Amino acid sequence: MNKIDIRPYELQDRSFLRTLCCDVADRGGPIENFFPDREVAADLLTKYYTDYEPQSSFVAFCDGRLIGYINGCLDNRRYGLVVFWLLMPALLVKSFKRGLFFRPEIHQLLQGVLKNWRRIFIWRKKSFHSHQGHLHIGIAGDFRGQQVGQQLVKSLVAYADKLGMVELTASVHDANKAASTFFEAQGFVVRDRYPMVLIREGKEEHYHSLLYVKTISTH
Ligand SMILES: CC(C)(COP(=O)(O)OP(=O)(O)OC[C@H]1O[C@@H](n2cnc3c(N)ncnc32)[C@H](O)[C@@H]1OP(=O)(O)O)[C@@H](O)C(=O)NCCC(=O)NCCS
């Protein structure tokens with residue numbers, strides 16, 4: 001097997017990271033399963049991490065190919081403010097210019113957001129008002145099961161520990177059993193379960209979003 005290198009994220013990784021993130025966004029499958037525009041999806045999923053807190057992300061490479069990433073945020077309150085006041089307004093304009101609001105998938109997604117308002121606007125308040133951190137992780141399909149995810153979590157946890165973070169969270173769709181087993185193997189435990197609705201092809205998909213927490217240290 002060829003050597004896999006883990007290192008901090010650099011600007012030159014940006015477009016590869018955006019692509020990989022969209023490739024694995026639907027519980028390991030492509031974002032197009034429920035969202036039609038990669039450019040907008042990549043902004044939504046990665047722009048905070050790559051452009052506003054790039055020092056907290058790590059990437060994995062094999063033979064010059066980016067095969068894994070972990071996007072970290074070590075201040076949820078800052079994340080909430082940047083996303084709400086800077087990223088969302090720009091994304092709405094971009095989506096409008098790209099004709100996204102005429103796409104039926106977007107109407108379905110917005111219906112889902114309305115149905116999830118309780119989680120998004122009330123429960124989320126808990127995390128946006130804390131200065132704790134969270135993460136998103138993705139490994140290319142052909143590199144899963146080779147301890148890449150485990151090494152990326154270790155890198156972020158060591159970095160967060162050095163900066164005095166107390167805990168990190170990760171949100172997981174409850175049908176994503178591989179991710180649940182993975183996070184439990186890394187010492188994460190479920191703190192909350194939020195009921196959610198996603199509308200796909202006109203059908204409501206009910207699930208729970210599991211909030212996994214890892215205690216890093218007690219400083
Ligand atoms: C979940 C994910 C990040 C795991 O990364 P990975 O590199 O494949 O995982 P690792 O090889 O480091 O696995 C570490 C441990 O996690 C557990 N694990 C990982 N994948 C598993 C799977 N498919 N089934 C069961 N357990 C699994 C195992 O305990 C494993 O240890 P072992 O190899 O000694 O048995 C990867 O499958 C992925 O990118 N999935 C798609 C995106 C996603 O779901 N992200 C999580 C939501 S933020």
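The values are calculated or read from the model by the stated rules, or taken from the named source; none is laboratory data. Computed from a predicted structure; not experimentally measured. Note: ideal-geometry Cβ built from the backbone for every residue, glycine included; neighbour counts use all protein chains shown. Heads up: the accessible areas ignore ligands, DNA and RNA and are worked out on the full protein's heavy atoms, side chains in. Shrake-Rupley method; radii C 1.70, N 1.55, O 1.52, S 1.80 Å.
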Residue by residue, what Karplus-based ³J(HN,Hα) values in Hz, rounded to whole numbers, does region 19-28 have, using 6.51, -1.76 and 1.60 with θ = phi - 60° and x for Gly and Pro? 5, 5, 4, 6, 5, 10, 5, 9, 6, x
So if R0 is 22 Å, what FRET efficiency would residue 12 and residue 88 give, r being the distance between their Cβ atoms, rounded to the nearest 0.05? 0.20
Additional length obtainable on full extension of the chain from residue 178 to residue 166, 0.36 nm per residue less Cα span: 1.8 nm
For the pairs 47/154; 47/177; 94/154; 47/97, note any where the Cα-Cα span goes beyond 25 Å. 47/177; 94/154
If you restrict to DSSP beta bridges whose two residues both lie in region 5-215, what percentage is antiparallel, to the nearest 5? 95
Point-charge dipole on Cβ atoms (K/R +1, D/E -1) for the chain, about Cα centre, debye to 20: 540
Spelling out what I want: for every residue of region 44-55, take phi, set θ = phi - 60°, compute 6.51 cos²θ - 1.76 cosθ + 1.60 (Karplus), and round to whole Hz; glycine and proline get x. 4, 8, 10, 4, 4, 5, 6, 9, 10, 8, x, 5
Report the residue, chosen from 74, 135, 11, that carries the largest GNM mean-square fluctuation when the chain is represented by alpha-carbon nodes joined by springs under 10 Å. 11
Given H placed on each backbone N at 1.01 Å, which residues far from residue 67 in sequence or on other chains put an amide H within less than 5 Å of it? 60, 61, 62
Could you work out how much longer the chain between residue 146 and residue 120 gets when fully extended? Use 0.36 nm per residue separation minus the Cα distance between them, nm to one decimal. 5.9 nm
Hey, can you grab everything whose amide H is under 5 Å from the amide H of residue 209? Only 5+ residues off in sequence or another chain; H modelled, so Pro and N-termini drop out. 194, 196
Accessible area in square angstrom per residue, the chain, 1.4 angstrom probe: 54
At a 1.4 Å probe, what is the % contribution of carbon and sulfur to the accessible area of the chain? 58
In whole angstrom, how long is each semi-axis of the equivalent ellipsoid of region 5-215, when you take the square root of 5 times every eigenvalue of its Cα gyration tensor and sort them from largest down? 25, 20, 18
Out of 21, 8, 106 - ranked by how far each Cα lies towards the positive end of the dipole of the chain, with unit charges on the beta-carbon of charged residues - the top one is 106
In order through region 137-143: 3J(HN,Hα) via Karplus (6.51 cos²θ - 1.76 cosθ + 1.60), integer Hz, x for Gly, Pro: 9, x, 10, 4, x, 7, 10
Hey, what number do you get for the chain at 222 nm if only DSSP H runs of n ≥ 4 count, each worth -39500 (n - 2.57), divided across all residues, to the nearest 500? -10500 deg cm²/dmol
